[in-house]
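See below for the structure under consideration.
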Amino acid sequence: MKRTISGMVGKGSINHNERKFLAENVDGTRTKDNVILVNNDIKDVYHELFDDALERYNAKQTRKDRKIDDYYEHIQQGKQEKLFHEVIFQIGNKDDMAVGSEEGILAKEMLCVFMQDFQNRNPNLKVFSAHIHMDEATPHLHIDFVPFITESKRGLDTRVSLKKALESRGFKSKAKSDTEWNQWIESEKMEVAKVMERHGIEWDKKDTHREHLSVLDFKKEERTKEVEILGEKIQDMTEAVQDYVEQIEQNSAAVGESEKEKKKAELAEKKAVEKKEKAEKQLKQIAPYVNNVKAYAVEYCRPPEELLPEATKFETGKNYREKKAMRVVGKIRDVVISLYSKYIELKRKYEQLQTRYESQSDTIQRYRSQVGYLEEKNQDLEYLKNAVGPARAEDMIARAKYMEQKAMAERKMHKKKSRGYEL
């Protein structure tokens, strides 16, 4: 036995899927036979998937107009992505798998089995609604899901993206008729075929989903696919431009900060030069005194016979010792002690000034190197101002300063936490 498998884009009418209203092709007496496999509120799914990422994204924004209050509303009002996507799978048609027949019941069972592993196969397609309709001509399965990616470098790190979600499964567009979506649909149809094989049914490979659609519906489906592909390309381009702007802002912030650092370095260099000149002046003032101390020390370190006067012819030794020698020795002792003390003090000051002089010389050289580097950064700032305009450049600098201050505060907080401080 052979049966066709169709997989097609759905309109995504949740009210229709949940039978909140009945279309003309619906048999209300059979609605009780419908199967509800998944039935969750899409807004709850959005909160579950994106709230944490939204908080991280908003924390990085310095401008209020860049922040997003509600990601669901943001996607709903945007033009790049749809809130969700729907796919419909059907086995056979109204002639060979009709509702009310044994074959129709078997089709329902096989679709249930197929759906059991759908979420595991497609972890980046979050299913919030799945219904098997048994109140139309042929049993068919509606699956509604939110496609998303993680670790995104653009926008929210976890965000809505059908293209990227399918690429994560290895599906990449190769041609207009061989898109990620078409590749994925064929892959899922193969999963349906595996379930059919276990029931002894072979896949009749025809372009069956077109058989189940009118010409007008088919054209609408094709146009929908083209619009979705174009929308994804537009989003990629928009996000690339945003990345470029953010990179310019980061660079301009660094340049603006370097201008501020340059002024600090120039002021520090000026102060260092003044300290150096003051140290040089003090050294010149002290140097003569140091030399004089050395001279005095040399003078009073001569042999005693050169310092003491000759004794008179009739002068006694005791008288000479008390009146002349002791006086001279006492004066020498007082002078030497005083001079040596002054010498030690002056020598200490001289060495301190010499050290400060050398330190200020090194500081001046360091600041001069820094000023040279910052002058190059200042040129980059001028290029930026010429490129985006002074007002835009100043806005970028202010934004980047805020980001840097916030990052520093977060690092301090993380450091405290890592040391086990109570916060």
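The values are calculated or read from the model by the stated rules, or taken from the named source; none is laboratory data. Model, not experiment: these values are computed from the prediction. All Cβ positions, glycine included, derive from the backbone under ideal geometry; neighbour counts span all protein chains shown.
Odds and ends about this structure:
- Test set (1) part of a helix (DSSP H, G or I); (2) in contact with a Phe, Trp or Tyr (Cβ under 7 Å, 6 or more places away or on another chain); (3) in contact (Cβ under 8 Å) with a residue 40 or more places away in the chain - Lys126 fails condition number: (1)
- Of all residues in segment 117-159, those satisfying the criterion of being surrounded by 20 or more Cβ atoms within 10 Å (Cβ to Cβ) and either touching a Gly at 6+ places or on another chain (Cβ under 9 Å) or outside the structural domain of Phe171 (by TED's automatic domain parsing) (or both) are Met134, Thr138, Pro139, His142, Ile143, Asp144.
- Members of segment 1-18 that are of a type in the set (Lys, Arg) and surrounded by fewer than 17 Cβ atoms within 10 Å (Cβ to Cβ): Lys2, Lys11
- For segment 78-96, filtered to residues that are closer than 11 Å to Thr4 by Cα and of a type in the set (A, V, I, L, M, F, W, C), the residue that is surrounded by the most Cβ atoms within 10 Å (Cβ to Cβ) is Ile91.
- Annotation: Asn25 fulfils all but one of (1) part of a loop (DSSP other than H, G, I, E, B); (2) surrounded by 14 or more Cβ atoms within 10 Å (Cβ to Cβ); (3) not acidic (Asp, Glu); the unmet one is (2).
- In segment 387-407, the residues that are over 13 Å from Thr62 (Cα atoms) form Cβ pairs under 8 Å with partners that are of a type in the set (S, T, N, Q) and modelled with pLDDT under 75, at six or more places apart or across chains, as follows: Val388/Ser252; Ala393/Ser252.
- Any hit, segment 47-67, residues being over 35 Å from the mean Cα position of the chain (by Cα) and at pLDDT 90 or above: no
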